[in-house]
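Values quoted throughout were computed directly from the atomic coordinates according to the rules given, and no laboratory measurement underlies them. Just so we're clear, the structure is a prediction, and the values are computed from it rather than from any experiment. Cβ coordinates were reconstructed from backbone atoms using ideal geometry, including for glycine residues, and neighbour counts include every protein chain displayed.
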Amino acid sequence: MNGSQFSFEMSDSQIANGSSIDFGGCLDFFISQYSNQNTDIKIYNSTFKKCKSQYLGGAISGIRDIITLENVNFIECSSQIGGAIYSIPIIKFTLSDKYFSQNKGYLAANNYNQKKIQLNMLDILEFNQNSNNDTDLFQKTDEYLYPGLTYILRLYITVDGEDYYTFTNQNNFGNLYKYIFKPSNNFISNTPQQLLSINFPFLLWYAQDISFNGKQTAQFESFSIQFVSSFYLDTNQYKIYNGCKEQGMEKIYLNNQKNLQFICKYCQQMKVSYHGVCQNCPTDYFLNCYGNYSELKQFYWRSFYSVNPDDIFYCSNNPQSCSGGSGIGNQLCYEGHIGPQCLDCDINGSYWGERYSMVGFFQCSCLYLIINIQKTKK
């Protein structure tokens, strides 16, 4: 080998049971610092058997440019892509099928790839580290990312012109941190317990080292992944906000007065934020609170989102008309009731879609049912 140019020749060899935690279970010709390396590889009268790698090229990976394979057999080799060979960028010759037997590319290309793979950005999701179930583990991001929150960058892979979004235990990729070229302090190397079973390729990112330079937003950092080839992922649409969401979280300044660094933190259990500060939810009025969610008990009513006791009203005239919940105004009323403390009936059907009339002491009944009952009695 000589820097970014090297030659390799092998003949009359039997290689078996080789393995790699990333590329080329038996031979790997990838040298990360030379992304444009030129190779002259010649292999004669040899057999690769039961070679396996974690990602690319079960037997051989990183082939570029000139290669000669004469009477070379690949038997029972496996990888995620290219069960026998992973080549860059394109294998410029046709390999006879007779030299390949029972090789497996768990995601694609059982024997060898026709084109260089592509790593692509799918989206960036907010990672809820406090969750222990899959239903709320990730949340869609809004227009911005926020300091102090952890995000997962979901990737997908293109192999021979086909996009792959679905991954299983057999073709899993997981956290690709170690392949980031010179990662910033914002990328996270350790994979949390909740993500160990995630099969799709991803990166973890935490906004802890952001320079806003007096601006309201900062562009998401550019970076590349060295995954046999160099891949620059498109993150131009994502920006980091110099502040926090007004609802659901609050700004916490770190012990660094010089730079006034801060993080955004969601309001925890029985706390809620509607104006940038987490407030305690009085248990006399609320069943549950977190983030920007607050659930009123039955018999209570409010006209706008607030947890201040002065803004919460007990439905004293008819407690049963106030059903409670996480909404405001009419959303907190029992069916047919509307207005302050749910004391009025929806006589025009403007909210409930049916007309309701007052029956008894602050009771509302559907006018359609009343008319039908009267007709039946006649």
Practice task
Match the structure shown to one of the listed values (i) 5, 18, 19, 16, 13, 11, 9, 6, 3, 1, 0; (ii) 5, 22, 28, 22, 14, 7, 1; (iii) 5, 21, 24, 18, 14, 10, 6, 2, 0 of P(r) over Cα pairs in 10 Å bins from 0, in percent, computed from it, and give that label.
Solution key: (i)
Completion exercise
Helix 367-377: inclination vs the chain longest Cα principal axis, degrees, rounded to 10, gives 60
Completion exercise
What helix-only [θ] at 222 nm does the chain give? Using -39500 (n - 2.57) per DSSP H run of at least 4, over all residues, to the nearest 500, the answer is -1000 deg cm²/dmol
Exercise for the section: Count charges around S365 for me, please; just the other residues with Cβ under 14 Å from its Cβ, Lys/Arg as +1, Asp/Glu as -1. Expected result: -3
Practice task
Using Cα positions and a limit of under 13 Å, work out the aspartates and glutamates in reach of K104, with same-chain residues fewer than 8 apart set aside.
Solution key: E76
Practice task
Determine the gain in length on full extension of the stretch Y334-T217; use 0.36 nm per residue of separation and subtract their C-alpha separation, reporting nm with one decimal.
Solution key: 37.7 nm
Handout entry: Lys/Arg +1, Asp/Glu -1 at C-beta; the chain dipole; positive extreme among Q363, Q247, S20
Key = Q363
Completion exercise
Among beta bridges assigned by DSSP with both residues in the chain, the antiparallel ones amount in percent, to the nearest 5, to 55
Exercise for the section: Mind checking region 238-313 for trypsin sites (Lys or Arg not before Pro) that DSSP puts in a loop (not H, G, I, E or B) and that have at most 12 other Cβ atoms within 10 Å? Expected result: K258
Completion exercise
Ranked by GNM mean-square fluctuation in the chain (Cα springs under 10 Å), the top entry among L176, L155, L69 is L69
Practice task
Report the local net charge at E335: Lys and Arg +1, Asp and Glu -1, summed over other residues whose C-beta lies under 14 Å from its C-beta.
Solution key: -2
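Please find the FRET efficiency linking Q320 to N280, where r is the Cβ-Cβ separation and R0 is fixed at 30 Å, and quote it to the nearest 0.05.
Working: r = 28 Å, r/R0 = 0.94.
Between Q320 and N280 the formula returns 0.60.
Given the pairs K52/K239; K140/K251; K140/K182; K215/K265; K116/K245, which are separated by over 31 angstrom at their Cα positions? Could you put the intermediate results ahead of the total?
Details: K52/K239 40 Å; K140/K251 21 Å; K140/K182 28 Å; K215/K265 21 Å; K116/K245 41 Å.
Pairs exceeding 31 Å: K52/K239; K116/K245.
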Problem - Furthest towards positive pole of dipole, Q208, Y144, Y165, structure part region 118-241, Cβ charges - result: Q208
